[in-house]
Amino acid sequence: MKSVVLPKLIIHGGAGSSLHGKGGVESVRRSLYNIIEPVYSILLAGASASEAVVYGCQLLEDDPRFNAGTGSVLQSDGQIRMSASLMDGTSQSFSGVINVSRVKNPIDLALFLQTSPDRVLSDFGSAELARELQIPSYNGLTDLRLQEWIQERQENFTKAMAGVVAEPELAEASNARRGTIGVVVLDAHGNLATGTSTGGKGFERIGRVSDSAMPAGNYATKYAAVSCTGIGEDIIDECLAPRIVVRVGDGMSLQDAMQRSFAEAQENKRDFGAIALDASGAIAWGKTSDVLLAAYHDGVRLGDTLEIALGTEVGGLI
Ligand code: GLY
C-alpha cells in the first residue's frame, strides 16, 4: 500500500495572447483560484485523483469565461461541439468524447467511459450515450460567444481560432486566443490523473477533431500526467502530452522533460502550453504561447502563471 502524500493540483483555462492589463489578469486569477480551492479541499478530504480531476473539469466547464462546456466557442456552422477526455495514471486508461453537443459537462461522459469496453466515442455515439444515461439536454451557448461568431462571419472567418476567454473587454482588447480547460492531480495516495475539455478552436470545419480528446493533448501514467492547451494541430504534431510523460517514465526529471519538449516545440514554431505533475509531487508548466492561464496548489500555497514572461517559458516547483 502507498504511503500518504501531500496532494498537488494544477489547472488551466487556456493559452494564448496577452490578457492586456491588470483588470484581465485579476479577473482570470479570481476565476482560477475559485476553482482551485474547492478541488483542493476534496483532495484533502480523501477524493481520488480521477474524482478531483472530474470535479475540477466540471467547475471549469461551468465557468462561461472558459472555452469548454458553458461558454464553448462556435464552429464554422454556428454550432457548439465539445470534446473531453480523462486519463487515470494508475490504471493507465484513457477515455473521452469527440464533438458532443447539448450536454452540460462533457467530462461526465469521459468518466462514464473509463469503465466501458469502448472508451472513446465520437459525435453520434456520444449523443446516444448521453441519451442512454438520461443526461438532460443543455445549451452552453453564451451571448458573448454568439457575438464573437457573428463578428467573425461578417469578416468571413479570417481568424484561426476564437478567443481564449470570453469577456467583452478581453476579447476586444487582446484578441486573446486558444481556449481549453485542464486539470492535473496527484492525490493523497500518490495516484495521478488528468482531464482536458474544450469547445475546440472555434470557426473550424465540421468534423475537425481536437487534441483534447486524444492522448496527444491529455495523457497520464503512474509516473507523470499532462494536460495541454493551444492549437490542437500543433499539439498533435508534437504528440506533446505523451512526449513529456514518456520522458519522465524513462528517468528524466519532470522539469528536464518539459524543458526538452518545449525547446523542440519552439524550434518547430508551435503555439501551445501544458501543465504537468509527477509522482514525486513536482509541478511544472510550459508554453510557447504568450500567456498560459494556469494556477496551482502545492499543498501550502496557491500560485499561478498569469504574469510570467511572454513567449516560450518553462517553470515549476519541485
Ligand atoms: N486545443 C484545443 C483545440 O485545438 O481544439
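The values are calculated or read from the model by the stated rules, or taken from the named source; none is laboratory data. For clarity, every value in this text was computed on a predicted model and none was experimentally measured. Positions of Cβ are backbone-derived with ideal geometry, glycine not excepted, and every protein chain shown enters the neighbour counts.
I need the full set of residues from segment 241-298 which are buried (at least 24 other Cβ atoms within 10 Å of the Cβ) and over 19 Å from the mean Cα position of the chain (by Cα), in order please. Correct list: VAL248, ALA257.
Pick from ASP118, ASP88: which is without any contact (Cβ under 8 Å) to a residue 40 or more places away in the chain and acidic (Asp, Glu)? On inspection, the qualifying residue turns out to be ASP118.
If we only count helices (runs of 4 or more DSSP H) wholly inside segment 99-159, which ones have 1 or more residues that are over 20 Å from ASP211 (Cβ atoms) and among the small types (Gly, Ala, Ser)? Quick ask: steps written out before the conclusion?
Numbers: elements: 106-113, 123-132, 143-154.
Counting at least 1 such residues, we get 123-132.
Listed here are the residues, each with its yes/no results for (1) without any contact (Cβ under 8 Å) to a residue 60 or more places away in the chain; (2) outside any loop (DSSP other than H, G, I, E, B); (3) among the acidic types (Asp, Glu).
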| site | (1), (2), (3) |
| --- | --- |
| GLU26 | yes, yes, yes |
| ASN34 | yes, yes, no |
| SER76 | no, no, no |
| VAL97 | no, yes, no |
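Among the residues in segment 212-230, are any part of a loop (DSSP other than H, G, I, E, B), of a type in the set (S, T, N, Q), closer than 13 Å to GLN92 by Cα and touching a residue at least 12 places away in the same chain (Cβ under 8 Å)? Yes. Among the residues of segment 194-205, those identified as modelled with pLDDT of 95 or more and either more than 15 Å from the chain's Cα centre (by Cα) or away from the ligand (no atom under 11 Å from the Cβ) (or both) are THR194, GLY195.
Suppose the filter is in contact (Cβ under 8 Å) with a residue 12 or more places away in the chain, more than 11 Å from the ligand (Cβ to nearest atom), among the aliphatic types (A, V, I, L, M) and under 26 Å from VAL103 (Cβ atoms); does VAL209 pass it?
Values: in contact (Cβ under 8 Å) with a residue 12 or more places away in the chain: yes; more than 11 Å from the ligand (Cβ to nearest atom): no; among the aliphatic types (A, V, I, L, M): yes; under 26 Å from VAL103 (Cβ atoms): yes.
No: the conditions fail for VAL209.
Within segment 98-129, the set of residues being surrounded by fewer than 23 Cβ atoms within 10 Å (Cβ to Cβ), over 15 Å from SER50 (Cα atoms) and hydrophobic (A, V, I, L, M, F, W, C) comprises VAL120, PHE124, ALA127, LEU129.
Residues that are surrounded by fewer than 24 Cβ atoms within 10 Å (Cβ to Cβ) and either in contact with a Phe, Trp or Tyr (Cβ under 7 Å, 6 or more places away or on another chain) or of a type in the set (Val, Ile, Thr) (or both) within segment 55-73 comprise just one, THR70. Cβ-Cβ distances below 8 Å connect the following pairs, each with a first residue in segment 135-150 that is surrounded by 12 or more Cβ atoms within 10 Å (Cβ to Cβ), a second residue that is aromatic (Phe, Trp, Tyr), and a separation of six or more residues or different chains: TRP149/PHE203.
Let's see how each residue does on (1) within 16 Å of the ligand (Cβ to nearest atom); (2) without any contact (Cβ under 8 Å) to a residue 40 or more places away in the chain; (3) not in a helix (DSSP H, G or I):
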residue: VAL245; (1), (2), (3): no, yes, no
residue: GLY251; (1), (2), (3): no, yes, yes
residue: ALA257; (1), (2), (3): no, yes, no
residue: SER280; (1), (2), (3): no, yes, yes
residue: ALA295; (1), (2), (3): no, no, yes
